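> One structure, as structure tokens, below. Some questions next.
The values are calculated or read from the model by the stated rules, or taken from the named source; none is laboratory data. Keep in mind that this is a model prediction, so the values were computed, not measured. Positions of Cβ are backbone-derived with ideal geometry, glycine not excepted, and every protein chain shown enters the neighbour counts. Just the protein is used for accessible areas: all its heavy atoms, side chains included, with ligands, DNA and RNA removed. Shrake-Rupley method; radii C 1.70, N 1.55, O 1.52, S 1.80 Å.
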Amino acid sequence: MDRTVYREVKPTPAIWLMAVIAAAFVGAAGLAVLYIEHHGHIVTGMNNQIVWGLPHVFAIFLIVAASGALNVASIASVFGKIENKPMARYSGLLSIALLAGGLAVLVLDLGRPDRLIVAMTTYNFTSIFAWNVILYNGFFAVVGAYLFVQMARNISPKVVRSVGTAAFVWRLALTTGTGSIFGWLVARPGYDAAIMAPLFIIMSFSFGLAFFILVLGTTFPMTGRYIGPNLVKRLGRLLGVFAVAVLYFTAIRHLTNLYAAEHADFEYFILFSGSIYTKLFWIGQVLIGGVIPAAMLLRHAENTTKGQVILASVLIIIGGFAHLYGIIIGGQAFPLEIFPMYEVTSTFADGQINGYTPTIYEWALGMGGVALAVMIAGMGVVALRILPMNLSDRNIDPTEPDF
Amino acid sequence: MKLPALNNKSERPAELNRREFFKSGAAVASVTLAPGVTLMAFGGEASANADPGKRWGMLIDVNKCSTDCNACVTACSEENGWKLDGNPETDPQWIRKIDLKHKETGREASLPMMCQHCEEPPCVDVCPTGASFKRVDGIVLVDKHICIGCRYCMMACPFKARSFVHEAVEDQKSNAPRGKGTVESCTLCVHRVDKGGTPACVESCSATGNGAMMFGDLNDPNSEIAQALKNYPSMGLRDDLRVNPGIRYTNL
Ligand code: SF4
Ligand code: SF4
């Protein structure tokens with residue numbers, strides 16, 4: 001077996017093109033933020049009923065995917081799977097990039113982003129948000145250290161392993177924290193559930209790995225490097241299992257909610273009313289993001305091609321967006337029940353299903369976050385020895401036949 | 001870095017005063033805005049005036065509240081300088097009237113709804129910076145100088161009592177500083193209460209002759225409100241959540 005050789009990626013015209021496109025998106029997001037800052041959130045589709053909108057869907061997707069993208073590295077270092085080791089650096093870099101993209105969106109959507117320093121220095125420790133600020137900052141530090149020990153010379157594998165374990169534990173805490181943002185909102189029928197935290201963890205496994213496969217599958221050919229079909233197949237099988245697990249947790253979440261009479265109206269609204277959220281749930285989340293990719297990845301697992309695995313990853317990412325849109329926006333669209341036995345009306349939309357139509361500025365901000373993540377990951381592989389030269393199956397595992 | 005604010009009730013005012021002390025820049029800005037009276041912007045001074053022995057609250061008699069009366073809403077809007085501007089989705093509403101119709105019996109009722117000044121306020125629990133805070137006398141306020149506009153408190157409030165300021169504000173009242181990009185809600189007219197007065201909504205409700213709103217100290221057993229609560233049935237909204245609202249309703 002050859003030793004794995006890591007090299008900086010030489011910027012080809014294709015990579016330059018991608019960089020320019022990503023920069024354009026980031027620039028557009030910057031302009032959108034300035035515009036929103038100047039006029040106030042009145043220019044967005046968010047309002048006093050839907051207080052968190054599309055930016056939060058993007059931000060939370062990226063943050064959840066960030067901790068999931070670290071999976072490949074964790075499996076290598078923590079669980080000792082050597083065949084994943086050559087991809088561990090890339091997995092660490094990608095998770096940092098995704099988190100940075102997500103946080104940028106979250107922070108830039110604040111009513112007063114200029115007060116970020118307040119958020120960084122004034123903590124209210126009963127707030128899960130405040131804990132998250134610490135978890136996010138810590139994640140950068142821990143994963144940064146993990147990347148460093150992997151790349152530095154003469155560091156013993158033991159050290160790499162313990163830093164890797166720390167990163168793994170940290171990422172579990174981080175996703176628990178993100179899920180708890182919703183799980184602890186006791187007053188809203190759509191959120192108040194302890195299952196949110198484990199659901200978010202399993203979602204992160206799935207979305208993060210999908211993202212990882214997608215970028216790996218595109219960057220390798222773009223940089224003229226080779227990736228073995230068995231490796232992709234193996235990652236695909238794992239992704240299929242995660243997709244099924246997400247479906248399982250989703251079923252549990254809705255079934256327990258249906259069981260509780262007080263949440264039955266909300267469940268009816270999401271599952272059967274025929275609103276946009278019903279469509280997003282059944283078509284986006286369950287079908288496109290769950291059943292179809294899971295079938296593609298697991299039914300004839302031996303015969304899946306690289307192309308199929310990448311396509312399934314794309315479907316899972318689309319389904320993931322639908323999933324988070326349903327949780328975040330759907331949860332707010334359903335009215336608060338202040339007077340359970342009454343029909344209510346007011347000038348403040350009491351008792352009404354709340355509408356939400358994101359404007360171009362929210363789209364620009366959200367897409368900018370994705371572009372920022374891509375840019376950071378791209379700069380990382382160009383500047384650092386992150387990507388292995390060769391991920392052929394034989395190179396990874398000598399018992400595999402070479403192609 | 002300064003030690004974080006514990007959410008401990010008794011430590012809260014001291015913490016705010018200390019924070020206030022270091023924030024001379026902000027203090028200067030607010031003094032120029034309105035000498036001596038900008039309380040809620042800070043929390044610091046507003047907290048210093050709070051009496052830990054008291055718990056301010058209200059009792060609303062739903063039978064006396066009439067469907068076509070909007071006096072409390074108008075009074076609040078004038079007193080605190082917010083207004084409905086033709087964008088019902090984004091305009092602020094510190095207080096609103098809710099019309100109710102019982103699903104089974106068809107009984108109709110109408111009542112005012114505002115921040116319930118919860119004893120265990122979820123908005124305060126979730127606020128990452130501590131901008132959302134409860135004074136020792138039970139009044140829940142937003143410190144406009146440390147609110148970052150994350151809107152988590154709006155997600156957490158069971159009563160939809162808070163508004164986000166979606167655009168630049170004009171004609172501010174000196175007693176109720178407001179700011180684009182921050183969150184606001186009913187202050188229980190803390191500026192009046194601290195001078196021994198009554199909230200504007202309660203005053204206007206009496207003026208109409210309906211007299212559906214009563215204001216007072218829930219902790220003082222001899223107060224009119226405490227007596228009424230003792231002698232007649234009443235409830236807090238969403239009592240199942242155990243946030244123990246300071247606003248009580250009767251005849252609902
Ligand atoms: S009613 Fe809402 S805003 Fe007022 S104290 Fe309770 S949770 Fe906070
Ligand atoms: S919007 Fe302001 S008051 Fe509300 S939780 Fe965020 S920082 Fe606190």
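> Does at least one position in region B:139-157 carry a residue that is without any contact (Cβ under 8 Å) to a residue 24 or more places away in the chain and of a type in the set (D, E, K, R)?
No, because not a single residue in region B:139-157 is without any contact (Cβ under 8 Å) to a residue 24 or more places away in the chain and of a type in the set (D, E, K, R).
> While we're on this one: How many residues, within region B:127-157, are within 12 Å of another protein chain (Cβ to nearest Cβ) and more than 9 Å from ligand 1 (Cβ to nearest atom)?
Residues in region B:127-157 being within 12 Å of another protein chain (Cβ to nearest Cβ) and more than 9 Å from ligand 1 (Cβ to nearest atom): 17 in total.
> Pick from region A:147-164 the residues that are assigned to a helix (DSSP H, G or I) and over 15 Å from A:PHE79 (Cα atoms): which of them is most open to solvent (accessible area, probe 1.4 Å)? Break it down stepwise before answering.
Going residue by residue through region A:147-164, those that are assigned to a helix (DSSP H, G or I) are A:147-151, A:157-164.
From what's left, over 15 Å from A:PHE79 (Cα atoms): A:147-151.
Details: A:LEU147: 18, A:PHE148: 132, A:VAL149: 19, A:GLN150: 32, A:MET151: 60 Å².
Of everything passing the filter in region A:147-164, A:PHE148 is most open to solvent (accessible area, probe 1.4 Å).
> Does region A:335-350 contain any residue that is touching a residue at least 60 places away in the same chain (Cβ under 8 Å), at positive phi and among the small types (Gly, Ala, Ser)?
Yes.
> Still on this model: Does region B:224-242 hold any residues that are more than 22 Å from B:PHE159 (Cα to Cα) and open to solvent by 50 Å² or more (accessible area, probe 1.4 Å), and which are they?
Across region B:224-242, the qualifying residues are B:GLU224, B:GLN227, B:LYS230, B:ASN231, B:TYR232.
> Just for helices (runs of 4 or more DSSP H) wholly inside region A:48-108: which have at least 2 residues that are more than 14 Å from chain B (Cβ to nearest Cβ), under 30 Å from B:VAL183 (Cβ atoms) and out of contact with any Leu (no Cβ under 7 Å at 6 or more places or on another chain)?
Details: elements: A:54-69, A:71-77, A:88-108.
Where helices (runs of 4 or more DSSP H) fall fully within region A:48-108 and carry at least 2 residues being more than 14 Å from chain B (Cβ to nearest Cβ), under 30 Å from B:VAL183 (Cβ atoms) and out of contact with any Leu (no Cβ under 7 Å at 6 or more places or on another chain), they are A:54-69.
> Assess whether A:ALA145 counts as being farther than 26 Å from B:VAL124 by Cβ and out of contact with any helix residue (DSSP H, G or I) (no Cβ under 8 Å at 6 or more places or on another chain). Full working, then the answer.
Details: farther than 26 Å from B:VAL124 by Cβ: yes; out of contact with any helix residue (DSSP H, G or I) (no Cβ under 8 Å at 6 or more places or on another chain): no.
No; evaluated as a whole, the condition is false for this residue.
> Can you pull out every residue in region A:120-129 that is over 20 Å from the mean Cα position of the chain (by Cα) and either farther than 21 Å from A:ILE63 by Cα or more than 8 Å from ligand 2 (Cβ to nearest atom) (or both)?
Initial filter on region A:120-129 (over 20 Å from the mean Cα position of the chain (by Cα)): A:120-127.
Within region A:120-129, A:MET120, A:THR121, A:THR122, A:TYR123, A:ASN124, A:PHE125, A:THR126 meet the criteria.
To keep it simple, each residue is scored yes or no on (1) in a helix (DSSP H, G or I); (2) under 20 Å from A:LEU98 (Cβ atoms); (3) open to solvent by 40 Å² or more (accessible area, probe 1.4 Å).
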position: A:ALA166; (1), (2), (3): yes, yes, yes
position: A:ALA194; (1), (2), (3): no, no, yes
position: A:PHE200; (1), (2), (3): yes, yes, no
position: A:MET203; (1), (2), (3): yes, yes, no
position: A:PHE207; (1), (2), (3): yes, yes, no
position: A:THR218; (1), (2), (3): yes, yes, yes
position: A:GLY224; (1), (2), (3): no, no, yes
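> If you check B:ALA75, B:ALA109, B:ALA131, which single one turns out to be in contact (Cβ under 8 Å) with a residue 12 or more places away in the chain and within 16 Å of ligand 2 (Cβ to nearest atom)?
Numbers: B:ALA75 fails: within 16 Å of ligand 2 (Cβ to nearest atom); B:ALA109 fails: within 16 Å of ligand 2 (Cβ to nearest atom).
Of the residues listed, the single one that is in contact (Cβ under 8 Å) with a residue 12 or more places away in the chain and within 16 Å of ligand 2 (Cβ to nearest atom) is B:ALA131.
> If you don't mind, there's one more thing I want to ask. Restrict the check to region A:252-262 and report whether at least one residue is exposed (fewer than 15 other Cβ atoms within 10 Å of the Cβ), closer than 21 Å to A:LEU199 by Cα and touching a helix residue (DSSP H, G or I) at 6+ places or on another chain (Cβ under 6 Å).
Initial filter on region A:252-262 (exposed (fewer than 15 other Cβ atoms within 10 Å of the Cβ)): A:252, A:255-256, A:258-262.
Next, from what is left, pick out any that are closer than 21 Å to A:LEU199 by Cα: A:252, A:255-256, A:258-260.
Those left that are additionally touching a helix residue (DSSP H, G or I) at 6+ places or on another chain (Cβ under 6 Å): A:258.
Yes: one or more hits.
> For the subset of region B:158-197 comprising residues that are away from ligand 1 (no atom under 16 Å from the Cβ) and aliphatic (A, V, I, L, M), which member is farthest from the chain's Cα centre (by Cα)?
Taking region B:158-197 as the starting set, the residues that turn out to be away from ligand 1 (no atom under 16 Å from the Cβ) are B:166-175, B:177, B:179-181, B:191-192, B:194-197.
So of that shortlist, the ones also aliphatic (A, V, I, L, M) come out as B:168-169.
Numbers: B:ALA168: 22, B:VAL169: 19 Å.
It comes out as B:ALA168.
> Checking A:ASN137 against (1) within 23 Å of A:VAL163 (Cβ to Cβ); (2) at pLDDT 90 or above; (3) in contact with a helix residue (DSSP H, G or I) (Cβ under 6 Å, 6 or more places away or on another chain), which test does it fail?
Result: A:ASN137 fails condition (3) only.
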